[in-house]
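The values are calculated or read from the model by the stated rules, or taken from the named source; none is laboratory data. Note that the coordinates shown come from a computational prediction; the quantities given were computed from them, not determined experimentally. Note that each Cβ is placed from the backbone with ideal geometry, even for glycine, and that neighbours are counted across all protein chains shown.
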Amino acid sequence: MPKRTYQPKKARRLKKHGFRHRQSTASGRRILKSRRQKGRRRVSV
């Protein structure tokens with residue numbers, strides 16, 4: 001039986017999709033802004 005595709009790691013999840021990473025780029029800040037506009041309960045991980 002092969003390994004499944006998703007082998008979750010919390011550290012990597014935060015590094016790639018966390019708030020501070022989104023905040024660190026212009027495009028990431030745009031993502032946060034649009035998610036706030038949409039009214040998401042959680043803006044990032």
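Summary of values
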| read-out | value |
| --- | --- |
| Enumerated helices (runs of 4 or more DSSP H) restricted to the chain, each holding at least 2 residues that are over 13 Å from the mean Cα position of the chain (by Cα) | 26-38 |
| Subset of segment 1-15 (residues that are closer than 17 Å to V45 by Cα, basic (K, R) and either free of Cβ contacts under 8 Å to residues at least 12 places away in the same chain or loosely packed, with under 10 Cβ neighbours inside 10 Å (or both)) | K9, K10, R12, K15 |
| From the options P8, P2, residue that is of a type outside the set (D, E) and at pLDDT below 95 | P2 |
| When residues of segment 20-45 are limited to those that are surrounded by 10 or more Cβ atoms within 10 Å (Cβ to Cβ) and polar (S, T, N, Q), the one nearest to K10 (Cα to Cα) | S44 |
